[in-house]
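Peer 1: Got a structure for you, written out below as structure tokens; questions coming shortly.
Just so you know, all these numbers are worked out from the coordinates, no wet-lab data involved. Just so it is clear, the structure is predicted and the values come from calculations on it, not from any experiment. Neighbour counts are summed over all protein chains in view; Cβ atoms, including those assigned to glycine, are modelled from backbone coordinates with ideal geometry.
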Amino acid sequence: MPKVTWMFEDGGEVFADVKDGLSLMDAAVHNGVRGVIGECGGGLMCATCHVYVDPAFAHLTGEASAMESDLLDMTEVPRRPESRLSCQLVASEVLDGLVLRVPSA
Ligand code: FES
């Protein structure tokens, strides 16, 4: 059960122990992370689950698929190299300590 931290630009943070196999969008919604909405329920149709992965973890979260990458081009807040859609990130022990930054609109 990895520990995940969501950080906000105003300095706020949310910490959670996330069940293995749960998407990090679902985990964010369940833990009241503001700014992560998950409107399409993880169907790769909304981009309301946009986060910035801490660069230290980028090699563990892998690359966005072509479909995810296309959607990342349409996010409300501009895409960065570390942008991912958190519905496509799945909790596992290798991600223990993961830090995700939530973009501010
Ligand atoms: S929840 Fe809609 S794209 Fe991730």
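Peer 1: Restricting to segment 76-103, name every residue that is closer than 23 Å to M1 by Cα, touching a residue at least 60 places away in the same chain (Cβ under 8 Å) and touching a His at 6+ places or on another chain (Cβ under 9 Å).
Peer 2: Listed by number, the residues that qualify are L85, S86, V102.
Peer 1: Quick one: which strands (runs of 3 or more DSSP E) sit completely within the chain and have at least 3 residues that are more than 15 Å from the ligand (Cβ to nearest atom)?
Peer 2: The qualifying strands (runs of 3 or more DSSP E) are 3-8, 13-17, 98-102.
Peer 1: Now a separate question. Return the pair list, or none, for Cβ contacts closer than 6 Å from residues in segment 35-47 that are closer than 14 Å to L72 by Cβ to residues that are more than 6 Å from the ligand (Cβ to nearest atom) and not aliphatic (A, V, I, L, M), at least 6 apart or on different chains.
Peer 2: Within 6 Å, the pairs are A47/T75.
Peer 1: Of the residues D54, D17, D70, only one is over 13 Å from the mean Cα position of the chain (by Cα) and under 16 Å from G97 (Cβ atoms); which?
Peer 2: Just a single option satisfies the conditions, and that option is D17.
Peer 1: Among the residues that make up segment 63-75, is at least one of them exposed (fewer than 12 other Cβ atoms within 10 Å of the Cβ) and closer than 20 Å to T5 by Cβ?
Peer 2: The answer is no; no qualifying residue exists.
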